[in-house]
1. How would you order 13-21, 135-143 from highest to lowest mean count of nearby Cβ atoms within 10 Å?
2. Peptides 22-35, 44-57: what's the order by average Cβ count within 10 Å, highest mean first?
3. Out of 83, 126, 111, any idea which swings most in a Gaussian network model of the chain, alpha carbons joined below 10 Å?
4. Please state the charge dipole magnitude for the chain, taken about the Cα centre, from unit charges on C-beta atoms (+1 on K and R, -1 on D and E), reported in debye and rounded to the nearest 20.
5. Pick from 95, 59, 107 the residue whose mean-square fluctuation is largest in a GNM of the chain, springs joining Cα atoms under 10 Å.
6. Once the piece of chain linking residue 60 and residue 127 is laid out straight, how much longer is it, given 0.36 nm per residue of separation minus the C-alpha distance between them?
7. Using just the alpha carbons, could you tell me how many Å³ per residue the convex hull of the stretch 103-152 encloses?
8. By how many nm would the segment from residue 155 to residue 43 lengthen if fully extended, with 0.36 nm per residue of separation less the alpha-carbon distance?
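The values are calculated or read from the model by the stated rules, or taken from the named source; none is laboratory data. Here the structure is a predicted model, which is why all the values come from computation and not from measurement. FYI the Cβ positions are ideal-geometry reconstructions off the backbone, even for glycines, and counts take in every protein chain you see. These area figures cover heavy atoms from the full protein model, side chains too; ligands, DNA and RNA do not enter into them. Shrake-Rupley method; radii C 1.70, N 1.55, O 1.52, S 1.80 Å.
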Amino acid sequence: MREPGPETARFDGLRLIGAFKIAKAVLLLATSYGLYRLLNPNLVEHVQDWLTTLTDTFERRLLTRALDWLTSLGNARIGGILVVTSLYTGVLLTEGIGLWLRKSWAEWLTVSATASLIPFELWQLVFGRRHNLLAVIGATALNVAIVWYLAWKLRTAHRRRRAQRRGP
């Protein structure tokens, strides 16, 4: 077993991205659990009863609209969303834990998975609705930065290995 040295003990870009991916997975897991709980009709009825007790009409209207939209999806569609969300949560956890442990395969996985989202984010910027423009710009910029940093790390490591094979 390797002793933790300066390379494994420090908090660097890999660990920062790994922690970010793990945090996203935890938030997605919590959201998925909440969505799963909405499959229970008793809970939906309880939330609707609770909404009638709210005194702020703006909050009540906003939450009622959100609950109506969620319940209009139907159980089959919510189940499909939960499956996709669970799979993506697994990918995020794999990326995050692998990056935290500084595994090269995790860098490749993260570059591939994150880069695959950038075209959709760019499409959203160009053709999508404008109500969440800052969020899409922020997510796109963050994903581009993550892909650039990890690609730079992978390229540097590849050059170092190639130079070591050639010898002095």
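1. 13-21, 135-143
2. The densest-packed peptide leads the list: 22-35, 44-57.
3. Evaluated over the chain, the most mobile residue of the options is 126.
4. Value, rounded to 20: 1240 debye.
5. 59
6. Result for the pair: 21.0 nm of gain on full extension.
7. So the per-residue Cα hull volume is 59 Å³.
8. Length gained between residue 155 and residue 43: 35.2 nm.
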